[in-house]
């Protein structure tokens, strides 16, 4: 009777799953890991259906909730929430905030996401998220700089297609830019040369500098360094050449003169039909269409240097990153792996109208001509580790002002900007 009683109790405990190695559950049944809270600046309305579908398909594994935050207050709200112990588990992390928030992030170990697999899966810009201990963020979407062009202006000037190389801009400026007797610009080729009234000025300059062969920030043995004044085996520092080209179009003594600070904001001037070329992000396509439904425009890749060894544009990237304060890393990792998977990443890309960061998805070009251009631009997108977006914006603005006001020559202006950038990086090198 004693032996019988022992096996009876053991059988009940085993069936209940209390004894180790025994369970009434099917071995293939998933274990629910928990709920993950995600913060980001993407529109909540755009994310609502995605979140609902995600939770329906993965309710036995992990569920998510999304909280939209304003771009202007995101940093401050995150810091305050973390101080109160009420922060999210995961955030959408743009590439220009990697350094700012790196000490708050949990690096996903390379045992979970091998570095080789990461590089094979995501475009090169995604490597900004790789750290010594693991992956700080898993790339999701890219918003590359592209070139919008006014088809009516080009047709009226008897020019059949937009420029492919930067050196074409000089002759086009003579043909397309219209200046009246009082030296007022009535129609402009391109909004280069100033800063405050040029949308995406920092991104455009970043692109020109990187196209010229300078990565802007380099990391050597774990130490970050500004490379703005580096020569990189060239006759002239690449950054100097980039600023020289950019500021040429605001110099009234040059035949390429096309822009000044009294003109409207560049995006508005393009929407009004008075600007032939506008360098903007892919995400601005729908905005431009709404601003002027009758505007006859198209989109193409940004121009390149004629002797460039590789094509390149600047891209804003969004990744999913886990905070150290998350109380459930297993659930957070599971949620990120599902969201960045091929099927879900494709769905997010379609919903937002932006290219995915995955190489395999970018290889399949959509039939819409503008989306195909966005996909091609995403493949060649690059970025840099920005120590402080607002402060580096002021540095770039200062360099342009120094040059256009002739307060400093180009070399001295860039050197001053390099010194300010170096000072900013000291915080991250401690």
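The values are calculated or read from the model by the stated rules, or taken from the named source; none is laboratory data. Please read these numbers as outputs of a predicted model, since none were measured by experiment. Ideal geometry is used to build each Cβ from the backbone, glycine not excepted, and the neighbour counts take in all protein chains shown.
Things worth noting here:
- Residue match in the stretch 268-281 (condition: under 20 Å from residue 169 (Cβ atoms) and assigned to a helix (DSSP H, G or I)): yes
- Any hit, the stretch 20-34, residues being touching a strand residue (DSSP E or B) at 6+ places or on another chain (Cβ under 7 Å) and either assigned by TED's automatic domain parsing to the domain that holds residue 95 or at pLDDT 90 or above (or both): yes
- Any hit, the stretch 147-162, residues being buried (at least 16 other Cβ atoms within 10 Å of the Cβ), under 16 Å from residue 381 (Cα atoms) and touching a strand residue (DSSP E or B) at 6+ places or on another chain (Cβ under 9 Å): yes
The rows are residues; the columns are (1) assigned by TED's automatic domain parsing to the domain that holds residue 356; (2) part of a loop (DSSP other than H, G, I, E, B); (3) surrounded by 15 or more Cβ atoms within 10 Å (Cβ to Cβ).
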{"residue": "234", "(1), (2), (3)": "no, yes, no"}
{"residue": "246", "(1), (2), (3)": "no, no, yes"}
{"residue": "251", "(1), (2), (3)": "no, yes, yes"}
{"residue": "256", "(1), (2), (3)": "no, yes, yes"}
{"residue": "262", "(1), (2), (3)": "no, yes, no"}
{"residue": "285", "(1), (2), (3)": "no, no, yes"}
{"residue": "289", "(1), (2), (3)": "no, no, no"}
{"residue": "295", "(1), (2), (3)": "no, yes, yes"}
{"residue": "310", "(1), (2), (3)": "no, yes, no"}
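Each row is one residue, and each column tells you yes or no for (1) touching a residue at least 12 places away in the same chain (Cβ under 8 Å); (2) assigned by TED's automatic domain parsing to the domain that holds residue 335.
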residue: 108; (1), (2): yes, yes
residue: 116; (1), (2): no, yes
residue: 119; (1), (2): no, yes
residue: 129; (1), (2): yes, yes
residue: 165; (1), (2): yes, no
residue: 170; (1), (2): yes, no
residue: 174; (1), (2): yes, no
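- Any hit, the stretch 75-89, residues being in contact with a helix residue (DSSP H, G or I) (Cβ under 6 Å, 6 or more places away or on another chain) and farther than 30 Å from residue 292 by Cα: yes
- Helices (runs of 4 or more DSSP H) wholly inside the stretch 324-411 that include at least 2 residues being outside the structural domain of residue 66 (by TED's automatic domain parsing) and out of contact with any helix residue (DSSP H, G or I) (no Cβ under 8 Å at 6 or more places or on another chain): 389-404
- Under the condition of being loosely packed, with under 15 Cβ neighbours inside 10 Å, in contact with a strand residue (DSSP E or B) (Cβ under 9 Å, 6 or more places away or on another chain) and assigned to a helix (DSSP H, G or I), the residues counted in the stretch 47-76 number 2.
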